[in-house]
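Here is the structure we will look at.
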Amino acid sequence: QLDHLARHYQICPLAQIVRGLAGEQPLPDRAVALTFDDGYANNAEVVAPLLRARGLPATFFLTTGFLDGTHAPWWYRMRAVTPPPEQETLAARLKSLSNEQREAEVRALETAAPGGPPRVSYPFMTWDQARALARQGFELAAHTVSHPSLAHESEERMAVEIADSVARVARATGCAPLVFSYPYGRPADLTDAGCAAVRASGCRAAVTTTEGWNVPGGDLCRLRRLNVTGHHRGAAFTALVSGLRGWLPS
């Protein structure tokens, strides 16, 4: 996938994309930015070496509480006590709750069907690994403290989640984040108050998971992305990034 992108597109730092969309500098044709959410250790151990070997820039959005060890992903706890056929439907519902509501539901699941300790399929990177990424020239940015759906939190809690994560990344890595990434990133997870909190934190822009492309003059706090999953192999990946998929019958 990286080789395909390098052959057919111009891979740019996300900061350059933001400046181009803001009309401050021209963007090359077929400009693409690479972004990775959450702060998983495999970003540093697997992805970064592949990027460095090709000279490609990227942005890593860090959930700061996961790196600090003060918070843990609810999805691992949920999977430990939920049969696999039910996990996808349950996860979709839990995403749309506040942290407080979600914690109560996960605890109830753990009480009703106690299991062993959650299996952590993908651990999170350390701050030493994050700092190493920064030294290698990669952009480090913020993805909240605890990974909530911000629209389902109070405006005060929302602002704290955003501002504290931005400040933590800056303090720990020396990189003042320019762009923020909304957890889950669906329209239902975003509000105008959240966009205002992003700007108040010092960030110029924010990315969503709404699929699509970005053009100059659009809302910098609701940037679209293409979500690449394990299903996007071969022609499926080519169709996704080229826009061809939108013309194909479902």
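Suppose we look only past 13 Å in the calculated P(r) of the range 1-51. What percent of the Cα-Cα pairs does that tail hold?
Numbers: 812 of 1275 pairs.
That tail contains 64 percent of the Cα-Cα pairs.
How much accessible area per residue does the range 69-191 have, in Å², with a 1.4 Å probe?
Numbers: 6160 Å² over 123 residues.
That works out to 50 Å² per residue.
Carbon and sulfur: what percent of the range 136-250's accessible surface (1.4 Å probe)?
Of the solvent-accessible surface of the range 136-250, carbon and sulfur hold 56 percent.
For the chain, set up a Gaussian network in which alpha carbons nearer than 10 Å are linked by springs, and say which option among SER146, SER98, SER165 fluctuates the most.
Largest GNM mean-square fluctuation: SER98.
Taking 0.36 nm per residue of separation and subtracting the Cα-Cα distance, what length does fully extending GLU45 through ALA113 add?
My answer for the length gained is 21.0 nm.
Can you give the extra length, in nm with one decimal, that the chain gains between ASP219 and ALA134 once fully stretched, where that is 0.36 nm per residue apart less the Cα-Cα distance?
27.9 nm
Starting from the Cα of ALA53, step 7 Å along the direction of its Cβ; do the same at GLN1; then give the gap between the two resulting points in nm.
Taking the two extended label points, one gets 1.6 nm.
If you take the Cα Rg of the range 125-219 and divide it by 2.2 N^0.38 Å, with N the number of residues, what do you get?
Relative to the rule-of-thumb radius for its length, the range 125-219 sits at 1.08.
Suppose each label sits 7 Å from its Cα in the direction of the beta carbon; what would the ALA188-GLU86 distance come out to in nanometres?
2.0 nm
Over the chain, consider all pairs of different Cα atoms and compute the Kirkwood hydrodynamic radius from their mean reciprocal separation; express it in Å, one decimal.
19.1 Å
Give the percent of DSSP beta bridges with both residues in the chain that are antiparallel, rounded to the nearest 5. Don't jump to the answer; show the numbers that get you there.
Details: 1 of 15 bridges.
Taking every DSSP beta bridge within the chain, about 5 percent pair in antiparallel fashion.
For the range 87-155, max minus min Cα coordinate along each principal axis, in Å, sorted largest first?
46, 35, 19
Summarise the long-distance tail of P(r) for the range 184-249 by giving the % of C-alpha pairs beyond 18 Å.
Tail of the P(r) past 18 Å holds 47 percent of the pairs.
No solvent, one uniform scatterer per C-alpha: report log10 I(q)/I(0) for the range 1-113 via the Debye equation at q = 0.10, 0.15, 0.18 1/Å, two decimals.
Each listed q corresponds, in turn, to -0.49, -0.84, -0.96.
The values are calculated or read from the model by the stated rules, or taken from the named source; none is laboratory data. Values in this document were obtained by computation on a predicted structure and should not be read as measured data. Cβ sites come from the backbone with ideal geometry, for glycine too, and all protein chains shown count toward neighbours. Note: areas computed on protein heavy atoms with side chains; ligands, DNA, RNA excluded. Shrake-Rupley method; radii C 1.70, N 1.55, O 1.52, S 1.80 Å.
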